[in-house]
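Before any comments, here is the structure.
The values are calculated or read from the model by the stated rules, or taken from the named source; none is laboratory data. Remember, predicted model here, so these are calculated numbers, not experimental data. Using ideal geometry, Cβ is built from the backbone for each residue, glycine included, and neighbour counts are taken over all protein chains shown. These area figures cover heavy atoms from the full protein model, side chains too; ligands, DNA and RNA do not enter into them. Shrake-Rupley method; radii C 1.70, N 1.55, O 1.52, S 1.80 Å.
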Amino acid sequence: MEARKMKLEKKIKTIFDIPIQEYVAPGGIFCQGCGAILAARLILKLLGERTVVVNAAGCFTLAVVYPYTVFKASWLYTAMACAPAGAQGIRDALDILIEKRKIDKNEDLNILVVTGDGAASSIGLQSTITAIHRNLDFWYLAYDNQAFMNTGAQKTETTPFGAATSTTKPTSLSPLGTEQEPLDLFSVWVSAGAPYVATVSPSYPVDFLDKVERAKEIKGPKLFHCLSGCPPGWNYEPALTIKVGRLAVESGVWALKEAVNGTIKHTYIPKKRIPVEEYLKIQGRFEHLFKPVKNKEAIEEIQRKVDKYWEYELHDAK
Amino acid sequence: MIKVRFHGRGGQGMKTSSRILGTAAFLSGFFVQDFPIYGAERRGAPVVAFTIISKEPILERGYIFDPNILLISDETLLLDKQTDPTKGMSKESIVFINSNKNEDYFKEKIGAKVIVEDLTKIALEVLGRPILSTLIAGVAAKLVGIEQKYLEEAVKEELEQIGANEEMIRKNILAATIGYNKVQEVKIEQTESLEPEVKVVEVEYNDPEISTPVISFVANSYLKKTGTWRVFKPIIKYQKCKSCRLCYVYCPESAIKWENNFPVIDYENCKGCLICVQECPLKAIEIVREGE
Ligand SMILES: Cc1ncc(C[n+]2csc(CCOP(=O)(O)OP(=O)(O)O)c2C)c(N)n1
Ligand code: SF4
Ligand code: SF4
Ligand code: SF4
Ligand SMILES: [Mg+2]
């Protein structure tokens, strides 16, 4: 019922609906072409300055280095495992202040947790699940660069099959690099009972921000799991961040979807999926699948899994 | 003992330079230490690395505060007050700067022996990317007087370790040799640092309300002017622009402002990622090398 209502109310329809107000200043210590800070800049365009950004250790640690900050919003830094607990503390404080009439209801703030995939999918998962369990009213931007980038690109739970990281270097014994399938954070959140869960990409800003705008009506935990290109970690030229994200979506590797109260819907279905090879081959972290000899088996396996996903999902949608 | 300090930006490869110099000196029979300052690994962010070379065992540990040789891979670092790359040098220190400006430009400002070469240009020609690790290592090896064969061996060893393929290793040995032949060996004068001795200051206990850093400003990071990170500069050709907004929306860090229905690049802060150039559907944004 709610899902249907939300579908009707598409709010950000074209690129011209994206506000030109900025809430993230340039000058932060992010690499050239960082997809993660772009994702934060985009989501804050809609959440605005009446927001507290709660951040755990990762590349965003350097978003605020005394005496500088990139944010117009407030910022709270927590230990890596407990950004959602930090969010709970702020929510409680605001609720008490409102109840005691120390601040007015319309002075309330949005609470936006921003962490990388390492915090979101492994080190901080416990505090996340319990925050969902308590139905904490907060936003979570999990920028997923698919490794512990701040410490030099070690594998995380969301590192994809076949990717090289500094802890899963391809060798003759282990030619794939990463051998595991990534954890499906979207499904973890859905099954934990979060009322709004979305996957997004900064290469599709209209899809991304339309989801944010519509999710404003939902109280409770809201996840935006964002595949965020990382030039040094994925080993490609900084100019290609948007293109890499586009290839991920058009090849079907990264599905853009949302789950409203558990009802899953794809918000963008590529008409004709391009081969996954197009996505893999422009990134150095997959170079070993192409050189010195092409690992056809591995590439086909990745393709097969993507095809299977869409076959299942699209069948279900009909 | 020779103390060499490398200053660069993340992604240029200064950590590798210090390692190559260390390995080359080790292969030549010296005692060596090489290490970077541990920090977040960020493309573009200031990076410092060190190499100490000695005929005797090296007993000291820690950063180099009084370098004999300074290698600065990015002249814009000279403007960075936090990094302050010439800190601790003496009149006898030798300062190498990678720049497309000439030596006189820096001599007055720095007041030491300055050597300037445009290594970025060579890197773009030889490696196709502005990565300076092997070029700078070549310069450093020559300055301290290491034989070329040890330099080449060290380049190979270090690059193999970080997983470079044969072609990259070949190109980088070439780059190292070019760097090596650009400069002359120098006489290293042993001098004391001009810096006053560092005093240990005891910090008293303070209530967290006082001692926790609080930033009361908002969005003031633009003051850091990351425009100095650029190697290439995007230039919008307004005759071609149709105000589609794509460059504006995709610029990662709001270095493009939207004014009077047109995009305007804030050059004080644009890092030169070139996403805008790549994404403009009308090819209305052109590229020039910075400083040209
Ligand atoms: C409990 C704990 N373990 C390890 C670290 C060291 N650490 C700091 S940042 C970081 C990487 C974080 O990875 P991710 O959350 O994916 O963010 P990214 O660095 O990719 O932005 C790690 C492991 C820490 N700060 N705390
Ligand atoms: S390492 Fe990747 S995620 Fe981190 S700042 Fe650089 S580009 Fe962004
Ligand atoms: S080069 Fe990058 S940082 Fe500079 S204006 Fe273009 S997109 Fe923005
Ligand atoms: S992307 Fe190109 S056409 Fe569109 S606004 Fe920017 S410069 Fe103009
Ligand atoms: Mg990460």
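List of remarks:
- Of interest is the spacing of the C-alpha centroids, which for segment B:203-279 and segment B:149-176 amounts to 36 Å.
- Cross-link partners of B:Lys101 among lysines, defined as those whose alpha carbon lies under 19 angstrom from its own and excluding same-chain residues fewer than eight positions apart: B:Lys109, B:Lys113, B:Lys121, B:Lys182, B:Lys233.
- Cα centroid of segment B:112-134 to Cα centroid of segment A:268-292, whole Å: 33 Å
- Of the residues making up segment A:31-74, those losing 50 Å² or more of accessible area when the isolated chain is joined by the remaining protein chains, with a 1.4 Å probe, are A:Cys31, A:Gln32, A:Arg41, A:Tyr66, A:Tyr68, A:Thr69.
- Shielding of peptide B:217-230 by partners, expressed as the average count of other chain Cβ atoms within 10 Å per residue Cβ, is 6.
- Segment B:Asn181-B:Met1, extension gain: residue separation times 0.36 nm, minus the distance between their alpha carbons: 62.4 nm
- Within the shell of other residues whose beta carbon sits under 14 angstrom from the beta carbon of A:Ile132, the net charge comes to +3, with Lys and Arg scored +1 and Asp and Glu -1.
- By the Cβ-Cβ criterion of under 4.7 Å, the unpaired cysteines of chain B are B:Cys241, B:Cys244, B:Cys251, B:Cys270, B:Cys273, B:Cys280.
- Distance from the Cα centroid of segment A:187-216 to that of segment A:235-252 is 20 Å (rounded to whole angstrom).
- Pairs from B:Lys107/B:Lys156; A:Lys219/B:Lys257; B:Lys55/B:Lys142 whose Cα-Cα separation, in the structure shown, is over 24 Å: B:Lys107/B:Lys156; A:Lys219/B:Lys257
- Gyration tensor (alpha-carbon) shape descriptor, segment A:2-317, a/c threshold 1.5: prolate
- 10 Å Cβ neighbours from other chains, averaged over peptide A:10-19: 2
- Helix axis angle, A:241-250 relative to chain A longest principal axis, alpha carbon, degrees: 80 degrees
- For the protein assembly as shown, the per residue solvent-accessible surface stands at 47 Å², with DNA, RNA and ligands left out and a 1.4 Å probe.
- Using the average count of surrounding beta-carbon atoms within 10 Å as a protection proxy, the listed peptides B:67-77, B:168-178 rank, highest first, as B:67-77, B:168-178.
- Working note: 222 nm ellipticity from helices only, DSSP H runs with n ≥ 4, each -39,500 (n - 2.57), summed and divided by the residues of the protein assembly as shown, gives -9500 deg cm²/dmol to the nearest 500.
- Scanning chain B for DSSP H helices at least 18 Å long along the axis (C-alpha atoms) with a Kyte-Doolittle mean no lower than -0.5 picks out B:14-27, B:166-182.
- Axis of helix A:205-215 versus longest Cα principal axis of chain A: the two differ by about 40°, to the nearest ten degrees.
- Accessible surface of segment B:221-289, 1.4 Å probe, proportion on carbon and sulfur as whole %: 58 percent
- Within the straight-line cut-off of under 19 Å between alpha carbons, the aspartates and glutamates reachable from B:Lys224 are A:Glu22, B:Glu41, B:Asp74, B:Glu75, B:Asp80, B:Asp84, B:Glu253, B:Asp266, B:Glu268, B:Glu290, sequence neighbours fewer than 8 places apart in one chain being disregarded.
- In loop segments of segment B:32-121 as defined by DSSP, the trypsin sites (Lys or Arg not before Pro) with at most 11 further C-beta atoms inside 10 Å of their C-beta are B:Lys55, B:Arg61, B:Lys81, B:Lys91.
- Environment charge of A:Val190, counting only residues whose C-beta is closer than 13 Å and scoring Lys/Arg +1, Asp/Glu -1: +1
- For segment A:243-268, the residues whose backbone nitrogen is under 20 Å from a point 7 Å from the Cα of A:Lys281, taken along Cα to Cβ, are A:243-254.
- Here the peptides A:267-274, A:40-47 are ranked by packing, the mean other Cβ count within 10 Å, and the order with the highest first is A:40-47, A:267-274.
- 14 Å cut-off, amide nitrogen to a point 7 angstrom out along A:Ile103 Cα→Cβ, residues in segment A:56-79: A:73-76
- 0 to 90° range, to nearest 10: angle between helix A:83-99 axis and chain A longest Cα axis: 20 degrees
- Shape category assigned to segment A:1-130 from the gyration tensor of Cα positions, a/c cut at 1.5: rounded
- Distance between the pseudo-spin-label points of B:Val218 and B:Ile37 (7 Å out from Cα toward the beta carbon): 3.2 nm.
- Ratio Rg/Rh [Cα only; Rh per Kirkwood] for chain B: 1.02
- Proximal lysines to A:Lys155, defined as alpha-carbon separation beneath 19 angstrom and excluding residues fewer than eight positions away on the same chain: A:Lys169
- Summed buried accessible area for A+B [probe radius 1.4 Å, Å², rounded to 100]: 4200 Å²
- Peptides A:160-168, B:204-212, A:17-25, B:282-290 ordered by packing proxy, namely the average of other Cβ atoms within 10 Å per residue, highest first: A:160-168, A:17-25, B:282-290, B:204-212.
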